[in-house]
Amino acid sequence: MNRPKKKKIMSKYGHHPKDTGSSQVQIAVLTERINELSKHLENHPKDDHSRKGLLNLVGKRRKHLQYLKLHSKDDYEKLIKELKLRK
């Protein structure tokens with residue numbers, strides 16, 4: 001992911017302009033990377049190294065989502081809706 005795209009995500013989901021560590025920002029950045037890797041794997045189905053990286057990212061995002069759900073239910077539901085993660 002390129003830097004301007006990441007900064008845009010951080011400014012949209014962060015609590016302040018330089019917020020890089022909050023769960024909302026990390027979930028949004030991970031989601032973007034997951035989407036990019038998913039598109040890559042559609043074109044390159046035998047790329048097992050990228051597939052392993054994708055599974056690691058999904059696991060990290062899941063842990064951040066669990067943390068956010070436990071500590072801030074409102075933020076969790078808002079983020080899920082904005083990122084369209086659950087149906």
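Summary of computed values
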{"item": "Virtual spin-label span in nm between ASP48 and LEU70, 7 Å along Cα→Cβ", "result": "3.4"}
{"item": "Over 20 Å between alpha carbons, listed pairs LYS5/LYS39; LYS52/LYS84; LYS6/LYS60", "result": "LYS52/LYS84"}
{"item": "The stretch 3-82: relative contact order in percent, alpha carbon pairs under 8 Å with at least 6 residues between", "result": "25"}
{"item": "Calculated FRET value between GLU36 and LYS81, using beta carbons and R₀ = 22 Å, to 0.05", "result": "0.55"}
{"item": "Cα-Cα over 29 Å, subset of LYS46/LYS73; LYS18/LYS46; LYS18/LYS78; LYS46/LYS69", "result": "LYS46/LYS73; LYS18/LYS46; LYS46/LYS69"}
{"item": "Point-charge dipole on Cβ atoms (K/R +1, D/E -1) for the stretch 1-40, about Cα centre, debye to 20", "result": "200"}
{"item": "Expected-Rg normalisation [2.2 N^0.38 Å, Cα atoms] applied to the chain", "result": "1.13"}
{"item": "The chain: DSSP helices with Cα axial extent of at least 24 Å and average Kyte-Doolittle hydropathy no lower than -1.0", "result": "23-43"}
{"item": "Whole-angstrom gap from the stretch 55-86 to the stretch 19-42, using each part's C-alpha centre", "result": "11"}
{"item": "Electrostatic dipole magnitude of the stretch 3-82 [Cβ: Lys, Arg +1; Asp, Glu -1; Cα centre; debye, to 20]", "result": "180"}
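Every number here is computed from the coordinates shown, using simple stated rules; none is lab data. Please read all numbers here as calculations on a predicted model, not as lab measurements. Here Cβ is always computed from backbone atoms with ideal geometry, including for glycine, and neighbour counts include all displayed protein chains.
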